[in-house]
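Okay, so here's the structure we're looking at.
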Number of protein chains: 2
Amino acid sequence: MKDTELAEKTLSCERVWEGRVFDVECRRVLLPNGDTVRRDVVMHKGAVCVIALTENHCVLVERQWRSGYDGVTLEIPAGKLDFVGEDPLSAAQRELREETGAVAQRWIDLGEYYGSPAILSEKIHMYMAEELSFGDTDYDDDEIMQVERIPLSDLAGRVLRGEIPDGKTQCAVLRAALMCGVTPEK
Amino acid sequence: MKDTELAEKTLSCERVWEGRVFDVECRRVLLPNGDTVRRDVVMHKGAVCVIALTENHCVLVERQWRSGYDGVTLEIPAGKLDFVGEDPLSAAQRELREETGAVAQRWIDLGEYYGSPAILSEKIHMYMAEELSFGDTDYDDDEIMQVERIPLSDLAGRVLRGEIPDGKTQCAVLRAALMCGVTPEK
């Protein structure tokens with residue numbers, strides 16, 4: 001089957017709820033088999049995340065309360081785009097600096113991450129950042145977090161043991177471990 | 001800072017939208033610094049996903065249209081819980097069988113994945129399945145997909161090159177590669 005034979009065609013679309021961070025769309029779509037069904041989609045303007053590595057292969061991570069998780073998570077720095085179409089690299093550089101004080105000389109594009117592609121339009125652009133220097137942080141008013149440095153091998157071990165709930169952090173840590181040839185701790 | 005010093009306390013909570021697959025809650029929360037802010041959260045009853053490996057280290061994947069991505073993705077089998085509190089292993093066994101026809105003798109718990117923990121309550125329980133035998137598929141009415149087998153080394157290479165948009169598939173594939181000692185293709 002080609003991708004065109006799997007495509008759903010939107011027949012109508014209504015913005016049924018509008019919020020601060022996301023909106024909700026209710027769509028009527030035509031399936032490839034001729035049926036029409038309803039699809040509800042959370043519309044989000046997109047975000048960025050950064051796995052920042054120190055010279056000795058430590059990762060900058062943040063402990064922070066997350067409402068969807070309803071608890072404290074350990075995550076790599078991340079943030080929303082300021083507007084649809086914002087350059088993701090600029091946004092990633094801003095978020096890393098604001099949340100950790102770090103400025104990186106070397107940026108590697110790791111591509112895109114969709115956390116729940118069936119229902120959530122949020123595209124998170126993922127970067128690796130190296131050759132760090134440190135200045136001041138500059139948190140948003142509602143951001144309360146603690147920044148820590150954890151060895152990549154330790155963090156990769158935690159991911160493999162299922163101890164890191166955040167998906168983008170799981171992905172970025174395992175990618176960094178494979179790219180840097182770092183063995184996860186048992 | 002202890003986790004208790006990072007905790008946000010929900011002061012009030014309103015269900016502001018109800019849909020088929022998820023609802024939206026608007027919360028008023030007290031931050032650790034004494035400020036009160038609004039948090040909008042997408043409430044989802046949870047899901048499961050399975051990285052199923054054949055004897056020769058091929059992965060069962062599905063090509064399927066996804067509304068949040070607005071295109072066709074390549075993903076490991078996944079599905080929603082039938083009800084809150086459903087045993088995730090039973091759900092994973094059902095989804096794997098319905099979508100690929102596979103029954104697995106060996107199941108390994110890979111832990112939890114939150115695709116966007118700031119705004120989405122969806123917890124996806126992740127499993128690895130091995131020792132497969134195959135019977136008939138049994139798709140839901142609105143599921144149109146194509147199942148393929150792709151070598152784990154090939155798929156892990158695609159993840160590292162940023163070619164797999166789905167986050168849970170990125171995570172599961174890299175974990176399987178590391179656990180099975182399979183080197184991603186360049």
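What are the residues in the range A:72-93 that are over 15 Å from the mean Cα position of the chain (by Cα) and surrounded by 15 or more Cβ atoms within 10 Å (Cβ to Cβ), if any?
A:VAL72, A:GLU86
Looking only at the range B:86-133, which residues are assigned to a strand (DSSP E or B) and of a type in the set (Asp, Glu)?
Residues satisfying the conditions are B:ASP109, B:GLU112, B:GLU130, B:GLU131.
What residue, among those in the range A:174-186 that are facing another protein chain (nearest Cβ under 10 Å) and outside any helix (DSSP H, G or I), is surrounded by the fewest Cβ atoms within 10 Å (Cβ to Cβ)?
Selected residue: A:THR183.
If the requirement is being facing another protein chain (nearest Cβ under 7 Å), part of a strand (DSSP E or B), surrounded by fewer than 17 Cβ atoms within 10 Å (Cβ to Cβ) and of a type in the set (D, E, K, R), which of these qualifies: A:ARG28, A:ARG38, A:ARG20?
Exactly one residue qualifies, and that residue is A:ARG38.
Looking only at the range A:41-61, count how many residues are more than 10 Å from chain B (Cβ to nearest Cβ) and either surrounded by fewer than 18 Cβ atoms within 10 Å (Cβ to Cβ) or under 30 Å from B:LYS9 (Cβ atoms) (or both).
Within the range A:41-61, residues that are more than 10 Å from chain B (Cβ to nearest Cβ) and either surrounded by fewer than 18 Cβ atoms within 10 Å (Cβ to Cβ) or under 30 Å from B:LYS9 (Cβ atoms) (or both) number 12.
Only one of (1) within 17 Å of A:ALA172 (Cα to Cα); (2) surrounded by 19 or more Cβ atoms within 10 Å (Cβ to Cβ); (3) within 7 Å of another protein chain (Cβ to nearest Cβ) is not met by B:LEU155, so which one is it?
(3)
Hey, can you tell me all the residues within the range A:134-147 that are exposed (fewer than 14 other Cβ atoms within 10 Å of the Cβ) and assigned to a strand (DSSP E or B)?
A:PHE134
Assess whether B:TYR127 counts as being more than 16 Å from B:ALA52 (Cβ to Cβ) and either at the interface with chain A (Cβ under 7 Å from one of its Cβ atoms) or in contact with an Asp or Glu (Cβ under 8 Å, 6 or more places away or on another chain) (or both).
For B:TYR127, the condition - more than 16 Å from B:ALA52 (Cβ to Cβ) and either at the interface with chain A (Cβ under 7 Å from one of its Cβ atoms) or in contact with an Asp or Glu (Cβ under 8 Å, 6 or more places away or on another chain) (or both) - is not met.
From the residues in the range A:110-130 that are touching a helix residue (DSSP H, G or I) at 6+ places or on another chain (Cβ under 8 Å) and hydroxyl-bearing (Ser, Thr, Tyr), which one is surrounded by the fewest Cβ atoms within 10 Å (Cβ to Cβ)?
That would be A:TYR127.
Under the condition of being assigned to a loop (DSSP other than H, G, I, E, B) and free of Cβ contacts under 8 Å to residues at least 12 places away in the same chain, which residue from the range A:57-81 is nearest to A:LEU120 (Cα to Cα)?
My answer is A:GLY68.
I want to confirm something. Restricting to the range A:75-124 and keeping residues that are of a type in the set (Lys, Arg) and under 20 Å from A:LEU60 (Cβ atoms), which single residue is farthest from the other protein chains (Cβ to nearest Cβ)?
Once the filter is applied, the top-ranked residue is A:ARG97.
Consider the range B:127-186. How many of its residues are more than 19 Å from A:GLY111 (Cα to Cα), among the β-branched types (Val, Ile, Thr) and touching a strand residue (DSSP E or B) at 6+ places or on another chain (Cβ under 8 Å)?
Total satisfying the criteria: 4.
Can you pull out every residue in the range B:153-173 that is in a helix (DSSP H, G or I) and more than 14 Å from the chain's Cα centre (by Cα)?
Matches in the range B:153-173: B:SER153, B:ASP154, B:LEU155, B:ALA156, B:GLY157, B:ARG158, B:VAL159, B:LEU160.
All of the numbers you see were taken from the coordinates with simple rules; none came from a lab. No experiment lies behind these values; they were computed from the predicted model shown. As a convention, Cβ positions derive from the backbone with ideal geometry for all residues, glycine included, and neighbour counts pool all protein chains shown.
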